[in-house]
Amino acid sequence: MTNQTYPKNAWYVAAMSEEIGLEKPLGRTICGERIAFYRPSENDIAAVLDFCPHRGAALSLGYVEDGLLVCGYHGLKIGEDGKTKEMPLQRVQGFPCMKSYAVEERYGFIWVWTGDQSKADEALIPHLEWAVSDDWAYGGGLYHIKCDYRLMIDNLMDLTHETYVHASSIGQKEIDESPVSTQVLGGEVITSRYMENIMAPPFWQAALKANGLADDVPVDRWQRCRFTPPSNVMIDVGVAHAGKGGFDAPKEFKASSIVVDFITPENDDTMWYFWGMARNFKPNDDALTDNIRDGQGGIFQEDLEVLECQQINLKSFPEYDLLKLNIDAGGVQSRRIIERIIQEEQKSSKQESTANNSATTSGKNEEIPLQTVSF
Amino acid sequence: MTNQTYPKNAWYVAAMSEEIGLEKPLGRTICGERIAFYRPSENDIAAVLDFCPHRGAALSLGYVEDGLLVCGYHGLKIGEDGKTKEMPLQRVQGFPCMKSYAVEERYGFIWVWTGDQSKADEALIPHLEWAVSDDWAYGGGLYHIKCDYRLMIDNLMDLTHETYVHASSIGQKEIDESPVSTQVLGGEVITSRYMENIMAPPFWQAALKANGLADDVPVDRWQRCRFTPPSNVMIDVGVAHAGKGGFDAPKEFKASSIVVDFITPENDDTMWYFWGMARNFKPNDDALTDNIRDGQGGIFQEDLEVLECQQINLKSFPEYDLLKLNIDAGGVQSRRIIERIIQEEQKSSKQESTANNSATTSGKNEEIPLQTVSF
Amino acid sequence: MTNQTYPKNAWYVAAMSEEIGLEKPLGRTICGERIAFYRPSENDIAAVLDFCPHRGAALSLGYVEDGLLVCGYHGLKIGEDGKTKEMPLQRVQGFPCMKSYAVEERYGFIWVWTGDQSKADEALIPHLEWAVSDDWAYGGGLYHIKCDYRLMIDNLMDLTHETYVHASSIGQKEIDESPVSTQVLGGEVITSRYMENIMAPPFWQAALKANGLADDVPVDRWQRCRFTPPSNVMIDVGVAHAGKGGFDAPKEFKASSIVVDFITPENDDTMWYFWGMARNFKPNDDALTDNIRDGQGGIFQEDLEVLECQQINLKSFPEYDLLKLNIDAGGVQSRRIIERIIQEEQKSSKQESTANNSATTSGKNEEIPLQTVSF
């Protein structure tokens, strides 16, 4: 408990919608929970512990039939509530109920609540305007990274690294020469950087051009990184022709978008990185969407080696106190919020530990009654 | 000792005969013992600890000369009794005697006794009629699987899984709709299932055809899984034209064979799986043998992912008590027999621990005298 | 401390000069120290802990600018003294000074001192005549091997193994039929073997031919293995026409060279093996150099599997006392010298432990002051 590195009572993005087909379940570990995701019907989604109550086979290797997940080993059929519904020649009423997870499909993603299921409230899934409005287009992808998910939060809450890691695309010298300011607003953290009267780097020149704007004139550039718990970072980025108001400039003078980052712990030292870009220009241009996704995918891949080596280094020097500079304020403040949420979660969990656990879930640390059959 | 997962005082299949050439020793770990197998002469087999008494090199990397295993590092020559016979310029009388293993070649397999060598009795190697009779043909192969060997016993003692894991070949719905019965006879376990008046699945249709029988008529099908210690499972399988007596039908109405499974622990969490099929029709048709082996190899490979994921799951949830249903009786009873053998082995080992160890073997936990040479 | 397997107060070969380009730092672990090597200028070399004081990124992933190593994550610039010199928008005076390492480039190699930096004295780097004289040519390479570096010392201080491991090139039966003699001279160990009136093996036949000498006449052959601490083995090898004086024969009757072996621990169980051959004939024949390097590279690769399997075996049988035969005297005596150096190092380290650590280095087990910035 004391070393918990992520909140569990939270909605995490677990998959992109297209990863889970009608007949193809997905096994994925989220926040240390081994979960089988499947579709009981075409537009429905369910999530249960990826562990067959019969012999422990991975349910995600099975298939879906009549809305039930069929174990691919001996044919046990489990429902989205974790209850065994059928098994050939067996009476299944006494079978233990397995842990199931609150899960929602929204905005093209599968969201899962990994902690106390009684607290899962789908109203807590963030509203993402860019995902529902016709004025926006979105493209993105997924990377598996062998590092603590908080290193990715640090990474994204301090875009100074663009100058170095992404020198050939979105990086430029003016980034690290411009001061950042960090604000904590309620449970959110915003780190902003404004660069005025500079030349746009290659990525933004292309965006201006795609937007029908001159790309060879000075621009004002902005980066507003917004952390929201548990671990999402949305970044307003863009350029406007210089002197037209920057971030607040009228649409006809700017190219802008939102860098979308859903950062999901797999275990303590590994993570799933759902990255993408939402743009509010040319939303119906699918070729442009593909183009941006390819470019962004390449750029974001440059972070992987840096983060994985950093993880190895930090494990090798556990006693080293990292510096906390002004540019690190975004990550530091985000981690404080995370730490506070974890502490509250643990306190509340202790208070409830005298109460009974929910009768409908059974998980790793709970007693599962033995089904005895006398031979 | 308390966590021992397999009997050691037993004959295990360690290799197929063709794996060990006249000049090519084989290094393989069986029941946690690192063993070098080699052929002192063409039809002979020997097994010694895969550890050169000189500097610890792997003897299996060496070669055979004059019936001795020559260490490929500095030329020490060891005999099948574990004694060093020669070494250039050295007097070897005082060299420690290394552990050697009782080993037999029989039925096309190499059998090794990994435990107390004084108890090794080749009469305990099971008689396999199909391996010595001209009426039978055999083909098989070897898989290395990252799971506790007992998961494979469970797998084979409950063929319900054929319906799911092997749906496209030998599986059929009628399997899991037919009850099984399990008997414990002395030290053996037999689980049987009979299906009457059904259509044969693809594999058996082909077998009927190969046997010159109609393959489009109803059949009676049987599966009789027989576990014998330490971990062999022989399965009588077949189909007969319906109403002709099933398992007991005359030869001209049926196609049948024995699924041969030698299940050998490598370590606690990994195993060697020697699989094959013996058939008593068209025994001289080598093309048919190859054909069946290829088909069976493909079918049995479908079990690997299931078993390896199950192993990971069970390691993740060590406290979970698996269900023990009627269909699991075969595996459960087999494990009870194994557990009893292990307990007897440990009890007998304790009683003997005051007596001296055999002077001709030296192993992992024994004192090996230091050969000191003054410099 | 008690299990230290290598001296740290010593010069080790860390790299070949050509591995470190002007803009391409090299990250490599030497004696358990993660080190970033880089060139502040064309003919200069520097070595610092491969850990950015800012956020722990691997400095070796960065680049060099104005003689400083620039972190590829957020642009911190570190000097060869381990002090941060610059960082965009930051005052860096208070940044902790990181560990830096004494490092020298000599003879085409990068030498690093991994222990107490106050004791580093470049006069202690061995003089290598073959590396500075125009009469000699050198060619070599690098292998990474998963074994304790001392197994390689054993290997090279007993060339009996040539008969077995390198049977097709430099091995011959006469090697293991000829006795060796081992002397300890001060801090060095020399193991010699002389073989008289034998036929040269393939490698030496080719060398005689390359030297313009008859290769089909009897020769006297010698091997003189010289260990010098911490872990270098130089081997005088050669053949002379029989009866001309052997090792001391005039130049026109012999072909000889020095097998060069720099053996550098990476961690306790892995090592870097810098191997090569220096010859004093046809020193300007680059094609011959390449030819010999290719041949030697192939021969030395034959040792890898033997050593890695030996390492696994010794880890599996930690209590086994290896034999110490006369042929092993070279390795045994070399290990005694190493052991004595380690003990002296630990004694001297304890005596100094009341004194302050050097203010200019900070490493794994030292307190690094936290740079606090108030947010």
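The values are calculated or read from the model by the stated rules, or taken from the named source; none is laboratory data. Quick caveat, the model's predicted, so the values are computed rather than measured. Using ideal geometry, Cβ is built from the backbone for each residue, glycine included, and neighbour counts are taken over all protein chains shown. Accessible surface is based on the protein model in full, side chains and every heavy atom, while ligands, DNA and RNA are left aside. Shrake-Rupley method; radii C 1.70, N 1.55, O 1.52, S 1.80 Å.
Scanning the stretch B:191-206 for residues that are touching a residue at least 60 places away in the same chain (Cβ under 8 Å), under 19 Å from B:Asp248 (Cβ atoms) and of a type in the set (A, V, I, L, M, F, W, C) yields a count of 0.
When C:Val233, C:Val184 are checked against the criterion of being in contact with a Leu (Cβ under 8 Å, 6 or more places away or on another chain) and at pLDDT 95 or above, a single residue qualifies: C:Val233. When A:Thr160 is tested against the conditions (1) open to solvent by less than 30 Å² (accessible area, probe 1.4 Å); (2) free of Cβ contacts under 8 Å to residues at least 60 places away in the same chain, the lone failure is (2).
Here B:Asn284 meets the list (1) within 29 Å of the chain's Cα centre (by Cα); (2) outside any loop (DSSP other than H, G, I, E, B); (3) modelled with pLDDT under 95 almost entirely, failing just condition (2). Applying the set (1) in contact with a helix residue (DSSP H, G or I) (Cβ under 9 Å, 6 or more places away or on another chain); (2) at pLDDT 95 or above; (3) hydrophobic (A, V, I, L, M, F, W, C) to B:Val165 leaves exactly one unmet item: (2). Of the strands (runs of 3 or more DSSP E) lying entirely inside the stretch A:75-194, those containing at least 2 residues that are under 19 Å from A:Met271 (Cβ atoms) span A:109-113, A:137-145. Against the definition (part of a strand (DSSP E or B) and surrounded by 15 or more Cβ atoms within 10 Å (Cβ to Cβ)), how does A:Gly295 come out, yes or no? So A:Gly295 does not fit the description; no.
Within the stretch A:87-111, the set of residues being without any contact (Cβ under 8 Å) to a residue 60 or more places away in the chain and within 11 Å of another protein chain (Cβ to nearest Cβ) comprises A:Met87, A:Pro88, A:Leu89, A:Gln90, A:Arg91, A:Val92.
Would you check if C:Arg55 is in contact with a Leu (Cβ under 7 Å, 6 or more places away or on another chain), open to solvent by 40 Å² or more (accessible area, probe 1.4 Å) and within 14 Å of chain A (Cβ to nearest Cβ)? Considered against the rule, which asks whether it is in contact with a Leu (Cβ under 7 Å, 6 or more places away or on another chain), open to solvent by 40 Å² or more (accessible area, probe 1.4 Å) and within 14 Å of chain A (Cβ to nearest Cβ), C:Arg55 comes out as no. Which ones in the stretch C:312-335 are over 14 Å from C:Asp158 (Cα atoms) and more than 9 Å from chain B (Cβ to nearest Cβ)? C:Lys315, C:Pro318, listed by residue number.
Please determine whether any residue of the stretch B:74-97 is open to solvent by 30 Å² or more (accessible area, probe 1.4 Å), under 25 Å from the mean Cα position of the chain (by Cα) and outside the structural domain of B:Ile258 (by TED's automatic domain parsing). Within the stretch B:74-97, one or more residues are open to solvent by 30 Å² or more (accessible area, probe 1.4 Å), under 25 Å from the mean Cα position of the chain (by Cα) and outside the structural domain of B:Ile258 (by TED's automatic domain parsing). The residue list A:Glu302, A:Glu308 contains one member that is in contact with a Cys (Cβ under 8 Å, 6 or more places away or on another chain), within 11 Å of another protein chain (Cβ to nearest Cβ) and either open to solvent by 20 Å² or more (accessible area, probe 1.4 Å) or part of a helix (DSSP H, G or I) (or both), which is A:Glu308.
Applying the criterion of being charged (D, E, K, R) and touching a Lys or Arg at 6+ places or on another chain (Cβ under 6 Å) to the residues of the stretch B:78-101, the residue that is farthest from C:Ala329 (Cα to Cα) is B:Lys85. Just one of (1) under 23 Å from B:Ser181 (Cα atoms); (2) in contact with a helix residue (DSSP H, G or I) (Cβ under 7 Å, 6 or more places away or on another chain); (3) of a type in the set (Lys, Arg) fails for B:Lys282. It is (1). Residues in the stretch C:36-52 that are closer than 27 Å to A:Met152 by Cβ and assigned to a strand (DSSP E or B) were compared, and the one that is farthest from the other protein chains (Cβ to nearest Cβ) is C:Val48.
Counting only residues that are acidic (Asp, Glu) and under 26 Å from B:Gly243 (Cβ atoms), how many does the stretch B:154-196 have? Selection size over the stretch B:154-196: 5. Just checking, does the stretch A:89-99 include any residue being modelled with pLDDT of 95 or more and of a type in the set (Gly, Ala, Ser)? Checked against the condition, which is being modelled with pLDDT of 95 or more and of a type in the set (Gly, Ala, Ser), the stretch A:89-99 yields no hits at all. If you go through the stretch B:112-128 and keep only what is without any contact (Cβ under 8 Å) to a residue 12 or more places away in the chain and either touching a helix residue (DSSP H, G or I) at 6+ places or on another chain (Cβ under 9 Å) or not small (Gly, Ala, Ser) (or both), you end up with B:Asp121, B:His127. A single entry from B:Asp236, B:Asp220 fulfils the requirement of being open to solvent by 30 Å² or more (accessible area, probe 1.4 Å) and in the same structural domain as B:Glu177 (by TED's automatic domain parsing): B:Asp236. Of all positions in the stretch B:132-152, none carries a residue that is at the interface with chain A (Cβ under 9 Å from one of its Cβ atoms) and either of a type outside the set (A, V, I, L, M) or open to solvent by 10 Å² or more (accessible area, probe 1.4 Å) (or both).
For A:Ala46, the test of being farther than 15 Å from B:Leu314 by Cα and outside the structural domain of A:Arg150 (by TED's automatic domain parsing) is passed. Of the listed requirements (1) in contact with a Pro (Cβ under 6 Å, 6 or more places away or on another chain); (2) under 30 Å from B:Cys31 (Cα atoms), B:Asn197 misses just one: (2). Scanning the stretch C:339-368 for residues that are more than 28 Å from A:Asn313 (Cα to Cα), modelled with pLDDT of 85 or more and of a type in the set (Asp, Glu) returns C:Glu339, C:Glu344. When B:Gln183 is tested against (1) under 20 Å from B:Lys324 (Cα atoms); (2) surrounded by 14 or more Cβ atoms within 10 Å (Cβ to Cβ); (3) within 26 Å of the chain's Cα centre (by Cα); (4) within 11 Å of chain A (Cβ to nearest Cβ), only condition (2) is not met. Would you please name the residue that is farthest from the other protein chains (Cβ to nearest Cβ), looking only at residues in the stretch B:58-67 that are open to solvent by 30 Å² or more (accessible area, probe 1.4 Å) and not hydroxyl-bearing (Ser, Thr, Tyr)? Checked the stretch B:58-67; the qualifying residue farthest from the other protein chains (Cβ to nearest Cβ) is B:Asp66. Once the stretch C:13-35 is narrowed to residues that are open to solvent by 30 Å² or more (accessible area, probe 1.4 Å) and in a loop (DSSP other than H, G, I, E, B), the residue that is nearest to C:Leu59 (Cα to Cα) is C:Lys24. Please tell me if B:Val70 is of a type in the set (Val, Ile, Thr), within 14 Å of chain C (Cβ to nearest Cβ) and surrounded by 18 or more Cβ atoms within 10 Å (Cβ to Cβ). Considered against the rule, which asks whether it is of a type in the set (Val, Ile, Thr), within 14 Å of chain C (Cβ to nearest Cβ) and surrounded by 18 or more Cβ atoms within 10 Å (Cβ to Cβ), B:Val70 comes out as yes. For the stretch B:74-86, the tally of residues that are more than 10 Å from every other protein chain (Cβ to nearest Cβ) and of a type in the set (Val, Ile, Thr) stands at 1. Go through the stretch C:244-265 and report how many residues are among the small types (Gly, Ala, Ser), surrounded by fewer than 20 Cβ atoms within 10 Å (Cβ to Cβ) and part of a helix (DSSP H, G or I). Total satisfying the criteria: 0.
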